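Here the structure comes first, spelled out in structure tokens, and everything after it is commentary.
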């Protein structure tokens with residue numbers, strides 16, 4: 001885990017792992033910052049454009065947390081957090097970036113998140129059942145990834 005916005009070492013590590021043929025699967029909070037972190041891994045840091053090619057992992061496979069997962073995996077409503085004004089500003093800011101329109105899943109999740117009005121953190125998957133993340137959510141996502149390819 002990068003535990004938030006990726007640092008140089010984490011991005012370099014993932015790039016090296018990917019370069020030897022190991023797929024990179026990633027899970028982020030279902031919120032504007034989670035999507036921004038995904039973008040940072042995928043295309044690199046906006047502030048360090050010269051490092052983007054060496055550091056980015058454009059093939060990173062986003063496995064969740066998606067807006068649809070909130071109902072699909074019955075996340076408790078008390079774990080959902082209403083989007084704050086700053087979240088809405090971040091969503092708008094992200095939606096205006098040219099690379100978002102090049103990734104339909106990113107664009108769709110931005111729109112769904114905005115219309116849903118709530119965000120969810122990864123730990124909310126395990127709120128009612130501590131085993132749900134490891135014994136149901138992740139295996140389900142991995143099967144979906146396998147079937148996709």
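Each value in this text was obtained by applying a stated rule to the coordinates, not by laboratory testing. Every value quoted in this text rests on a predicted model; they were computed, and no experiment measured them. Here the Cβ is made from the backbone with ideal geometry for all residues, glycine too, and neighbour counts use every protein chain on show.
For this structure, a couple of remarks:
- Calculated FRET efficiency for the pair residue 102/residue 54, C-beta based, R₀ 25 Å, to 0.05: 0.75
- Over the residues of the chain, the helix contribution to mean residue ellipticity at 222 nm works out to -14000 deg cm²/dmol, using -39500 (n - 2.57) for each DSSP H run of at least 4.
- Estimated inter-spin distance, residue 72 and residue 111, nm [label 7 Å along Cα→Cβ]: 1.8 nm
- Across the range 8-148 the C-alpha pair distances fall into 10 Å bins from zero in the proportions 11, 39, 36, 14, 0 percent.
- The relative contact order of the range 8-148 comes to 27 percent, based on Cα pairs under 8 Å that sit 6 or more residues apart.
- Fully extending the segment from residue 93 to residue 7 would add 28.8 nm, taking 0.36 nm per residue of separation and subtracting the current Cα-Cα distance.
- Between the range 72-138 and the range 22-44, the alpha-carbon centres lie 12 Å apart.
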